[in-house]
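The structure appears below as structure tokens.
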């Protein structure tokens, strides 16, 4: 049986989880959110590796068979090293998605580390790509500060040269509806929509277990605001909600 593991510094991986649920996956999902150390965007490679080693240990304990990176920052920093760290293939949500970027010009909002490693310039070749680093934006979204996140995003969007704007950190699509309403003339792109998970779909309801290193109350609020799930575990404690207030 396939057991999927998704990791991120916090709630950014919700973009990936939401996509999996929309595809119809209903098996076992183990989600590790390293909220105590979020955001990962400005962290050093050494710091990130220590965090990833802890996640790899938790995935192994839960017999996770398939690992999906919910963090584009680690894709830029580690690339093929992720397979060694996890002793398992790590699925890259950006891999084999280049053909979906058909416009000639793109601006990309991303974290400091993704900017440093030219993540999207390497992904989208033969196109004009402007990468815009967005310090503090992922952290603001992680803290569920929607108004502050939008104001901060406005600052970075003002620097974008092109109307096609890629949300290059998985946190950013969590406010995509707000951005669309604020900037109707822009075309905001969530790269997760191009990701295809090639695995048999399970029947029934998904079983979702979250491992959180920081504030579980805040994280549970983020779940309620961003995910359409009714039953789940956070640090082995069962949660159930009758109404989902999903913002996207």
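Some observations on this one:
- Ranked by the mean number of other Cβ atoms within 10 Å of their residues, highest first, the peptides 67-73, 4-10, 191-197 fall in the order 4-10, 67-73, 191-197.
- Taking the chain as a Gaussian network of alpha-carbon nodes connected by springs under 10 Å, the highest mean-square fluctuation of the residues 99, 131, 81 belongs to 99.
- Of the peptides 208-218, 111-121, the ranking by mean beta-carbon count within 10 Å, highest at the top, reads 111-121, 208-218.
- Counting all C-alpha pairs of region 98-194, share separated by more than 15 Å (%): 56
- For region 98-194, averaging the sequence separation of C-alpha pairs within contact (under 8 Å, six or more residues apart) and dividing by the residue count gives a relative contact order of 31 percent.
- Relative contact order %, the chain, counting alpha carbon pairs below 8 Å whose residues are six or more apart: 25
- DSSP-defined antiparallel bridges as percent of all bridges, the chain, nearest 5: 10
- Order by protection proxy (mean Cβ within 10 Å, highest first), peptides 169-177, 230-238: 169-177, 230-238
- Tensor-based shape of region 1-74 (alpha-carbon gyration tensor, a/c under 1.5 rounded, otherwise prolate or oblate): oblate
- Correct option for semi-axes √(5λ) of the Cα gyration tensor in Å [calculated from the coordinates] among (1) 33, 20, 19; (2) 27, 20, 18; (3) 32, 19, 15: (2)
Where a number appears in this text, it was derived from the coordinates with a stated rule and is not lab data. Computed from a prediction, not measured in an experiment: that's the story for all the values here. Here Cβ is always computed from backbone atoms with ideal geometry, including for glycine, and neighbour counts include all displayed protein chains.
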